[in-house]
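Here is the structure we will look at.
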Amino acid sequence: MSTASVFGAELPKLPGGTSGIPREAVIASQRQRLIHGVTMAVAEKALAATTISDITERAGVSKKTFYEHFTDKLHCFLAAYDHGAAAILAEVTAATTARRGQDPVEQYRAGTHAYLSFLQRELPYARTFCLEMLAAGPEAAAHHRASRTAFADSVGVWHAGHLPRQPDWRPVSAFELEAATGLVYEIASARIAAGEADHLLDVCDDLIRCSLAVLGIPVR
C-alpha cells in the first residue's frame with residue numbers, strides 16, 4: 001500500500017505557460033492543492049485563525065484561483081474533510097474486503113487497524129478534523145455526522161453479511177452500530193488531542209474487543 005498522502009496533488013507543480021496539460025487536470029490539481037493547503041493551515045493554526053492567504057500560500061496558488069474553486073474558507077475546509085472522510089472509509093473497506101472469506105472478526109480487526117493507521121499517517125488531517133469539526137458550526141457538524149453514519153453503515157453491512165453464518169451473533173440496532181463505531185472514533189480522537197497519535201495502534205486490540213462487545217460479538 002502506498003504511503004503517499006491522500007491530500008497530495010497529482011500535479012504538485014504545474015509548469016508555467018502553455019503546458020499542454022488538459023484543463024481538467026489543471027483544475028483538479030488546483031483543487032487538490034487547496035485541500036492540502038487548508039488541511040495544513042488549520043492543523044497549524046486552527047480554523048478560526050486560518051485566513052485565505054494561509055491556505056493559498058500553502059497551496060501555491062493565487063487568491064483568484066481559490067475563489068474559482070471555493071466561496072470561503074469553510075467551503076474549502078469542508079471539501080477537505082469530505083475528501084479525507086471518503087479516503088479513510090475507502091481504506092478501511094479495502095482492508096476488510098481483502099480478507100473476504102476469512103474469519104469475520106479478523107476482517108473487523110483489519111478494518112480497525114487500517115483506520116488507526118490512516119490517522120497516524122495523515123496526522124495533520126487527524127488533528128484538524130478530529131479536533132476542529134465540531135467547533136466549525138452547524139454545516140461542519142452535519143458533514144461530521146454524515147461521515148460517522150457512513151462508518152456505522154459500513155459496519156452494519158459487514159455484520160449483516162456474516163450474521164446468518166454466526167450462531168452466537170445476534171441482530172444489532174442502528175444505535176448499537178453507532179455506539180460501536182463511536183467508541184473507536186472517540187478514543188482515537190482523545191489520543192490525538194493528547195498528542196499520542198503515535199500510540200494509536202497500541203490500543204487497537206482493546207478498541208476491537210470493546211467495540212465488538214457493544215455488538216455482542218465474543219472475541220476468541
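The values are calculated or read from the model by the stated rules, or taken from the named source; none is laboratory data. Only a predicted model underlies this, so the values are computations on that prediction, with no experimental measurement involved. Neighbour counts are summed over all protein chains in view; Cβ atoms, including those assigned to glycine, are modelled from backbone coordinates with ideal geometry. Only protein heavy atoms, including side chains, enter the accessible area calculation; ligands, DNA and RNA are left aside. Shrake-Rupley method; radii C 1.70, N 1.55, O 1.52, S 1.80 Å.
Worth pointing out:
- Evaluation of T149 against (1) of a type outside the set (D, E, K, R); (2) modelled with pLDDT under 95; (3) open to solvent by 40 Å² or more (accessible area, probe 1.4 Å); (4) under 21 Å from the mean Cα position of the chain (by Cα) (one fails), failing number: (2)
- The range 124-145, subset part of a helix (DSSP H, G or I), in contact (Cβ under 8 Å) with a residue 24 or more places away in the chain and over 18 Å from E186 (Cβ atoms), residue most open to solvent (accessible area, probe 1.4 Å): E139
- For L47, the conditions (1) in contact (Cβ under 8 Å) with a residue 24 or more places away in the chain; (2) within 19 Å of G137 (Cβ to Cβ); (3) part of a helix (DSSP H, G or I) are fulfilled apart from (3).
- Residues that are among the hydroxyl-bearing types (S, T, Y) and in contact (Cβ under 8 Å) with a residue 12 or more places away in the chain, drawn from the range 167-220: T181, Y185, S189, S211
- Every residue from the range 203-220 that is assigned to a helix (DSSP H, G or I) and either out of contact with any helix residue (DSSP H, G or I) (no Cβ under 9 Å at 6 or more places or on another chain) or modelled with pLDDT under 95 (or both): R209
- Subset of the range 163-188 [modelled with pLDDT of 95 or more, part of a loop (DSSP other than H, G, I, E, B) and open to solvent by 70 Å² or more (accessible area, probe 1.4 Å)]: R170, P171
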